[in-house]
């Protein structure tokens with residue numbers, strides 16, 4: 001009997017001021033991750049400061065932020081995330097940010113208009129989840145090799 005792969009637990013931080021957008025994000029992220037067999041641990045925060053504190057307490061795998069909720073510009077926000085412990089590996093999705101910033105893209109953030117089309121949002125989240133699985137498998141492979149397994 002083959003071992004079934006264990007579900008991947010994905011920590012997600014969501015920052016959106018508008019309640020309907022926040023509900024849509026939570027619903028689409030949960031549904032998309034559940035469809036791929038993953039478990040979404042979603043925490044909604046109400047400010048950039050709360051997001052930074054939540055990420056410092058337990059680094060997120062995915063950070064979804066509506067531009068209107070950011071206290072700073074998208075470039076500064078993404079730079080701050082990347083400098084936090086675990087921030088370099090976090091997938092960052094900016095919604096409705098300042099028109100396709102080149103710097104945010106260089107830092108690995110993705111942008112979508114706000115509010116996002118649920119189908120498009122689901123595709124982006126699925127791609128993030130696939131990259132996360134790859135990254136964790138690679139990390140696990142290195143760890144096993146380091147211990148001679």
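Readers should treat all values here as calculations from the given coordinates under stated rules, not as data from a laboratory. In this text, all values refer to a predicted model and were calculated from it rather than measured experimentally. Cβ: placed from backbone, ideal geometry, glycine included. Neighbour counts: every protein chain shown.
A few comments on the model shown:
- With each label modelled as a point 7 angstrom along the Cα→C-beta vector, the residue 137-residue 31 pair spans 2.7 nm.
- Per-residue packing, averaged as other Cβ atoms within 10 Å, sorts the ranges 39-52, 69-82 into the order 69-82, 39-52, beginning with the highest.
- Packing-based ranking of 104-115, 12-23 yields 12-23, 104-115, ordered from highest to lowest mean Cβ neighbour count within 10 Å.
- Estimated at 0.36 nm per residue, the fully extended path between residue 39 and residue 72 surpasses their Cα-Cα distance by 8.8 nm.
- R0 of 25 Å, Cβ-Cβ distance residue 46-residue 8: FRET efficiency to nearest 0.05: 0.40
- Percentage, to the nearest whole number, of Cα pairs in the chain over 27 Å apart: 20
- Here is how the number arises for the chain: DSSP H runs of 4 or more residues each give -39500 (n - 2.57), the sum is divided by the residue count, and the result at 222 nm is -15500 deg cm²/dmol.
- Computed from the Cβ-Cβ distance with R0 of 35 Å, the FRET efficiency linking residue 18 to residue 123 stands at 0.95.
- Compared with the alpha-carbon gap, the fully stretched path from residue 80 to residue 58 is longer by 6.4 nm at 0.36 nm per residue.
- Three-way shape call for region 11-54 based on the alpha-carbon gyration tensor, with the a/c threshold at 1.5: oblate
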